[in-house]
1. Return yes when ILE174 is modelled with pLDDT of 95 or more, assigned to a helix (DSSP H, G or I), buried (at least 21 other Cβ atoms within 10 Å of the Cβ) and of a type in the set (A, V, I, L, M, F, W, C) and no when it is not.
2. Picking from ILE334, ILE325, which residue would you name as being buried (at least 24 other Cβ atoms within 10 Å of the Cβ), touching a helix residue (DSSP H, G or I) at 6+ places or on another chain (Cβ under 7 Å) and over 30 Å from LEU8 (Cα atoms)?
3. All but one of (1) more than 18 Å from ASN189 (Cα to Cα); (2) over 18 Å from the mean Cα position of the chain (by Cα); (3) outside any strand (DSSP E or B) hold for LEU357, so report the exception by its number.
4. Does the range 115-129 contain at least one residue that is out of contact with any strand residue (DSSP E or B) (no Cβ under 6 Å at 6 or more places or on another chain), among the basic types (Lys, Arg) and farther than 22 Å from THR190 by Cβ?
5. State whether the residues of the range 297-319 include one that is buried (at least 20 other Cβ atoms within 10 Å of the Cβ), at pLDDT below 95 and among the acidic types (Asp, Glu).
6. Look at the range 8-52 and say how many of its residues are of a type in the set (Lys, Arg) and either in contact with a Ser or Thr (Cβ under 6 Å, 6 or more places away or on another chain) or closer than 15 Å to ARG398 by Cβ (or both).
7. Is at least one residue of the range 127-138 within 21 Å of PHE40 (Cβ to Cβ), assigned to a helix (DSSP H, G or I) and within 26 Å of the chain's Cα centre (by Cα)?
Amino acid sequence: MRGDGKRLLIYAPVALHRKEGKLYLEDQARNGLRLWAENFDLLTVMMPVTDAPMPKSWGPLELVGPALERITVVPLPMAYRPDRFLRQLPAVRRQIRDLIAEADYISFAIGGIFGDWGSVACHEAWKMGRPYGIWTDRVESQVTRQLIGQGNWRRRLQARLYHRPMAWLERHLIRRAHVGFFHGGETFNTYAPFSRNPHLVHDIHLSKADHIDPVALDAKVEAAATGLGPLKIVYVGRADPMKGPLDWLEVLDSVHRAGVDFEAQWLGDGTELDTLRAQIVEKGLENRIMAPGFTSDRAAILAALRAADIFLFCHKTPESPRCLIEALASGTPIVGYDGAFARDLISGNGGGVLAPLNDVVALAKQVIELACEPVRRATMVRNAAADGAPFDDVSVFRHRSELIREHLPPR
């Protein structure tokens, strides 16, 4: 609730891009700033800044809209290399302390060691005796641990050296935090034992208008029940090892060999996109599977989600990917590897089915069974929409804002 004149200070690790003195930000992060400003009179947000070429989905900060007048954006140096971080640390610590002193409520995202100014802010707040909130949407130390054995030798060595100190730092900062905000069941289950006041929250950039409407849902249920046409399968996200794109392809290869008629597409860029494309051709599936890469067209992504019969995913790390909620809100059942986040999302209505982690055979079996059972699939479409119904950006940001005001004593 706005109107109390209070200032919220947050750290958000999404990178600002600077070009010719002007700041640019990713579209969902701009929406996040707008929504925070809807719940607090004044907002200060610290973010790392880079002068590197920006990705396609970044736009001018001014696109936040009129709320930008009440938002102070503080660019901090991007310093993920240890030497850069240590050089910048004294000055940035002083800057963060000044911002903490000016704020009424403070809450910081964490994730990493070097260059993670959110962790530094937590430490400075504790030294100043200021109660702080802590937020995270994935178990960064476990994500890093799973990189051991992947990529070049530098990446493998870094993962081996960093994952244990990262786990210690995460728990240390969470124990000191006045309140913990953990996005999704996977993250909550991992961190709640170390928090004195843990809360399960969500971070979604999906408006109510983005949910499938009742008329379209009825039509989708009816079409699914006929069982006509190929099974339409989609995934939206980065083609990176933690997302399991090669497992995803193995599942589809098994589905193809079982004689199922299907069409699939992977929408997203990533380090394994070229490998995924090459293996699609190698397996002779180029007429059934498309991997067009990144698209910034939000309407096209939502259209693909609504048109799909199932959202197939093979996530390998403990995180809370928003794409699962977007699929459910589109009336598309989620079918993938088991995990606390996915399990919690469909616990109410059964808008999906899950297979054991890394079990390609079991997951392929689930897809084949759904392809052969159109009536069951039609029921699951309606159940998916019901599971996705509670999630929209206005509601989840209001929830987090209310928790901040309730559990963080103001300055």
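1. It is true that ILE174 is modelled with pLDDT of 95 or more, assigned to a helix (DSSP H, G or I), buried (at least 21 other Cβ atoms within 10 Å of the Cβ) and of a type in the set (A, V, I, L, M, F, W, C).
2. Within the list ILE334, ILE325, the selection yields ILE334.
3. (1)
4. Yes - at least one qualifying residue is present in the range 115-129.
5. Yes.
6. The qualifying residues number 1.
7. Of all residues in the range 127-138, those within 21 Å of PHE40 (Cβ to Cβ) come to 128, 130-137.
Those still in the list that are assigned to a helix (DSSP H, G or I) too: none.
No, the conditions are met nowhere in the range 127-138.
One line per residue, one yes/no per condition, for (1) modelled with pLDDT of 95 or more; (2) outside the structural domain of HIS202 (by TED's automatic domain parsing); (3) crowded, with 19+ Cβ neighbours inside 10 Å:
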| residue | (1), (2), (3) |
| --- | --- |
| THR44 | yes, no, yes |
| PRO48 | yes, no, yes |
| SER57 | no, no, no |
| THR72 | yes, no, no |
| PRO75 | yes, no, no |
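The values are calculated or read from the model by the stated rules, or taken from the named source; none is laboratory data. Predicted, not measured: the structure shown is a model, and the values here were computed from it. Note: ideal-geometry Cβ built from the backbone for every residue, glycine included; neighbour counts use all protein chains shown.
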